[in-house]
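Report on the structure given below.
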Amino acid sequence: MENNLVQALSINFTKEKEEGYKRIFKRSPLISSASVGWDDLGITIAYDRQPIFEMPKTSVKQHCIAILTDMPSSPVYTERIIDGRLMQEKNFQGECIIVPANTPHQAVWDKEGSAVMIAIEPRVFAQTIYEVVDPDKIELLPHFATPDPLVYQIGIALKSALVKHSSISRLYAETLINALILHLLEHYSVSCNSFKCVAGKLPQYKLQQIIDRERGFRLGSISNRGVDYIYAHLDRDLSLKELATSVQMSPHYFSRLFKETTGITPHQYVICCRINRAKDLLKHGKLSIAEIAKEVGFVDQSHLHRHFKRIVGITPKNYLQEFNQ
């Protein structure tokens with residue numbers, strides 16, 4: 001391990017992306033948010049399998065969370081220094097390490113293991129929590145390896161979203177990151193007792209900017225009248241940030257009030273919109289099921305098939321057969 005007097009390697013993942021990762025680990029990650037085109041989130045996500053390695057003393061401009069995923073059955077012995085404090089760790093699958101922005105961190109481990117690494121811009125962290133608590137009164141604290149089932153499940157889900165890297169996966173990943181930030185606020189920050197109550201629902205005029213006022217809102221049976229923001233961009237990689245920005249809200253506040261107003265999350269609503277648009281296109285009979293899947297923003301035909309059967313109760317092919325009877 002390096003001496004604490006050694007100057008830390010300064011990394012800015014938002015600007016450097018995978019180059020910053022390579023400067024630390026001497027290799028690119030197996031997959032990252034940059035490699036799948038998610039460059040505008042203010043968040044860097046990477047999954048990698050690390051060999052035995054001595055990580056140099058590093059100071060990152062973002063809040064960093066490492067989630068240990070595919071680990072050996074026997075403990076990984078790690079010597080870790082965060083902000084000058086040394087800890088001898090026995091690392092297991094399901095643990096997370098939290099290193100706040102601009103905090104020196106170095107480590108050396110004795111076995112190969114996998115991890116999901118998340119780097120969150122402090123401004124994104126602040127924007128997510130500012131309707132709940134004053135960001136200036138909150139400090140994210142460093143934590144050595146700590147078992148946390150919720151953070152572990154978020155890490156596994158983010159890894160899956162990276163692998164799929166579809167438009168729905170991106171929106172899902174943003175929702176997961178928002179949940180992670182609020183979890184960090186509640187369990188890994190100081191002054192967490194100063195929560196403000198976020199009451200009320202999404203104002204009607206803001207909801208109408210997302211959902212046309214003529215469209216009935218019932219899960220699985222949304223009328224297709226009118227044109228709204230989501231329906232106008234179904235084939236695009238819709239993001240939670242984009243939807244929230246369209247009504248001048250933070251992603252967290254918008255997501256929470258959207259669910260309180262409609263009963264489902266923006267992610268679930270987008271899927272319902274895609275299914276209802278797919279039903280319309282099936283009725284018109286001009287496109288194949290595979291072409292319809294692409295047209296409404298699904299990765300492929302099997303992706304459409306899975307969500308269509310879950311929401312409608314039958315497959316697209318069976319729906320088309322019933323309509324043509």
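Side notes on the structure shown:
- Taken over segment 1-39, the criterion of being of a type in the set (D, E, K, R) and either in contact with a Ser or Thr (Cβ under 7 Å, 6 or more places away or on another chain) or without any contact (Cβ under 8 Å) to a residue 60 or more places away in the chain (or both) is satisfied by 15, 16, 17, 18, 19, 22, 23, 26, 27, 39.
- Where helices (runs of 4 or more DSSP H) sit wholly within segment 133-246, those with at least 1 residues that are at pLDDT 75 or above and either outside the structural domain of residue 315 (by TED's automatic domain parsing) or among the aliphatic types (A, V, I, L, M) (or both) occupy 149-164, 167-187, 229-232, 240-246.
- Qualifying strands (runs of 3 or more DSSP E) (wholly inside segment 40-99; at least 3 residues being touching a residue at least 24 places away in the same chain (Cβ under 8 Å), more than 22 Å from the chain's Cα centre (by Cα) and more than 30 Å from residue 243 (Cα to Cα)): 53-60, 76-82, 85-91
- When residues of segment 45-72 are limited to those that are more than 21 Å from residue 142 (Cβ to Cβ) and of a type in the set (D, E, K, R), the one modelled with the lowest pLDDT: 70
Let's see how each residue does on (1) under 26 Å from residue 16 (Cβ atoms); (2) crowded, with 19+ Cβ neighbours inside 10 Å:
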{"site": "114", "(1), (2)": "yes, no"}
{"site": "158", "(1), (2)": "yes, yes"}
{"site": "169", "(1), (2)": "yes, yes"}
{"site": "177", "(1), (2)": "yes, yes"}
{"site": "190", "(1), (2)": "no, no"}
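The values are calculated or read from the model by the stated rules, or taken from the named source; none is laboratory data. Nothing here was measured: the structure is a model prediction, and the numbers come from that model. Virtual Cβ from ideal backbone geometry, glycine too; neighbours counted across all protein chains shown.
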